[in-house]
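> Below you'll find the structure I mean.
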Amino acid sequence: MHITDNENLRTPIVCVMGHVDHGKTTLLDRIRGSSVAAGEAGAITQHIGATEVMIDSIIERSGASGMKNNFIVPGLLFIDTPGHHAFTSLRSRGGALADLAVVIVDINEGFMPQTKESLQILKRFKTPFVVVANKIDRIHGWQPHESASFLETYNKQSERVRTDLDNKFYEIVGELYNSGFNSERYDRVSDFQRNIGIIPISAVTGEGIPDLLMVLLGLAQKFLESNLHYNASGPGEGTILEVKEEKGLGTTIDIILYDGTLKKGDTIVVGSLGEPIQTKVRALLKPNPMGEISAEEKFQNVESVTAAIGVKISAPNLDDALSGATVRAANPENIETIVKEVQEELDEVQISTGTTG
Ligand code: GDP
């Protein structure tokens with residue numbers, strides 16, 4: 001079903017970062033909600049702890065259907081937890097779990113301390129990112145056009161409103177320059193390696209969001225190909241988002257699987273505060289699309305899952321599992337090595353994130 005020539009590229013994982021109240025949560029809600037509201041069947045898939053936006057829907061929404069065959073990733077997987085704390089504590093193989101980031105700035109407020117922190121973190125991890133200048137609907141006199149592309153809505157605004165937006169926009173360009181980044185409005189960027197693309201959006205009206213999704217796809221395509229190769233039939237490997245008590249299941253772990261396939265019955269090694277836990281997958285759970293009907297049927301039980309995906313694992317002895325730690329499938333031949341590696345990775349994350357996270 002996916003428009004992909006290369007079945008071996010997995011979905012890129014995206015994290016939204018930025019200053020408190022600049023709109024991270026609203027943006028993620030909008031990405032989840034607008035597809036559903038638009039009644040596009042199959043536009044998004046709700047995972048445990050993440051939302052996947054399918055490539056077909058991104059292309060359709062942006063009105064660029066002629067470009068369909070140019071894309072080789074299946075879509076974008078947004079981690080539902082925003083913030084740079086999530087970015088730094090969620091790792092994979094010593095790097096960040098997120099392949100791409102969105103830094104959100106309130107266009108009316110400009111840069112704030114957490115905006116600058118986000119940029120420094122992304123620089124350190126060398127993570128490709130885009131900046132969104134949010135809350136354009138708050139510009140005095142703005143005429144909203146629900147879910148429109150930025151250029152479409154921009155061209156329909158009065159000259160005064162456009163000038164106002166441009167002025168605020170160039171303040172952000174200036175701030176980015178002061179932080180060491182050249183940037184430009186996304187539609188004027190010819191080389192995303194040299195310039196950061198900035199996309200004016202409204203997380204409330206959805207304006208600019210089709211453009212954001214398209215630019216993210218473009219970045220994934222250009223810079224991530226080598227990171228996104230994975231072994232679909234290899235052993236599962238993931239990062240714990242959350243350790244959670246579930247009624248009737250006991251302690252479970254919500255993970256993002258970023259490589260391989262995980263199956264029911266697999267032996268897994270799970271990072272914990274003490275020695276890594278060795279246990280067996282009792283159940284793999286995805287959100288039940290009909291989940292609202294009854295609480296007991298909140299989850300759908302599946303036999304196996306393949307990266308990239310957010311999934312809940314039910315297994316014995318998970319009480320001491322640690323969020324941010326690694327989960328890896330193992331067999332009797334390699335389990336000792338894997339236990340050692342999971343432990344080492346955990347030490348590394350704890351040292352480099354320190355107490356500030
Ligand atoms: P977070 O702290 O970064 O997650 O920010 P939130 O998503 O909670 O947003 C903070 C406030 O700004 C909330 O009251 C949102 O409704 C509001 N907000 C977020 N995005 C927009 C936007 O694009 N336009 C307007 N008008 N308000 C927004």
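The values are calculated or read from the model by the stated rules, or taken from the named source; none is laboratory data. Worth saying up front: this structure is predicted, and the values here are computed from it rather than measured. Neighbour counts run over all protein chains shown; Cβ positions are idealised from the backbone, glycine included. Ligands, DNA and RNA are stripped out before the accessible areas are found, and what is left, the full protein with its side chains, is counted by its heavy atoms. Shrake-Rupley method; radii C 1.70, N 1.55, O 1.52, S 1.80 Å.
> Which entries of 222/286; 126/263; 263/298 have Cα-Cα distances beyond 25 Å here?
Working: 222/286 31 Å; 126/263 33 Å; 263/298 20 Å.
Going by Cα-Cα distance, 222/286; 126/263 fall outside the 25 Å limit.
> Can you compute the charge dipole magnitude of the chain about its Cα centre, using +1 on each Lys and Arg Cβ and -1 on each Asp and Glu Cβ, nothing else charged? Give it in debye, rounded to the nearest 20.
It comes to approximately 380 debye.
> Return the whole-Å distance between the Cα centroid of the range 94-158 and the Cα centroid of the range 198-262.
Each part reduced to its Cα centre gives a spacing of 19 Å.
> For residue 273, put the label point 7 Å out on the Cα→Cβ axis and report which residues of the range 305-327 keep their amide N under 16 Å from it.
From the range 305-327, the list is 317-325.
> If you take the beta carbon distance between residue 233 and residue 170 as r and set R0 to 45 Å, what does 1/(1 + (r/R0)^6) give as a FRET efficiency, to the nearest 0.05? Could you put the intermediate results ahead of the total?
Values: r = 50 Å, r/R0 = 1.11.
For R0 = 45 Å, the calculated efficiency reads 0.35.
> With every protein chain left in place, what is the accessible area of residue 299 in Å² (1.4 Å probe, nearest 10)?
About 50 Å², ignoring ligands and nucleic acids.
> May I pose another question? Which value, in Å² and to the nearest 10, is the accessible area of residue 85 when all protein chains are kept and the probe is 1.4 Å?
Per-residue accessible area (residue 85): approximately 110 Å².
> So for the chain, Kirkwood radius off the Cα pairs, Stokes-Einstein at 10 °C and 1.306 mPa s: how many µm² s⁻¹?
Using the Kirkwood radius from Cα pairs, D works out to 75 µm²/s.
> Moving to a separate point now. Can you list the aspartates and glutamates whose alpha carbon sits under 15 Å from that of residue 156, skipping same-chain ones fewer than 8 residues off?
Counting by Cα, and skipping residues close in sequence, residue 156 has these aspartates and glutamates nearby: 137, 146, 164, 166, 207.
> Rounded to the nearest whole Å², what accessible area per residue is found for the range 91-246 with the 1.4 Å probe?
Values: 6810 Å² over 156 residues.
For the range 91-246, the per-residue accessible area is 44 Å².
> Okay, moving on. Tell me, in nm to one decimal, what length is gained between residue 221 and residue 126 on full extension, where the rule is 0.36 nm per residue of separation less the Cα-Cα distance?
Contour length minus the Cα-Cα distance gives 32.6 nm.
> Give the angle, between 0 and 90 degrees and rounded to the nearest 10, that separates the Cα long axis of helix 159-178 from the longest principal axis of the Cα atoms of the chain.
50 degrees
> Any chance you could look up the accessible area of residue 171 with a 1.4 Å probe, heavy atoms only, rounded to 10 Å²?
Solvent-accessible area, nearest 10 Å²: 130 Å².
> Extension gain residue 32-residue 288, at 0.36 nm per residue separation less the Cα-Cα distance, in nm?
90.6 nm
> Need one word for the range 219-306: rounded, prolate or oblate. Basis is the Cα gyration tensor (sqrt eigenvalues a ≥ b ≥ c); a/c below 1.5 gives rounded, then a/b vs b/c decides.
Oblate is the answer for the range 219-306, as a/c is 1.5 or above yet b/c matches or exceeds a/b.
> Summarise the accessible area of the range 147-294 (1.4 Å probe, protein heavy atoms) by the percent that is carbon and sulfur.
For the range 147-294, the apolar C and S fraction of the accessible surface comes to 47 percent.
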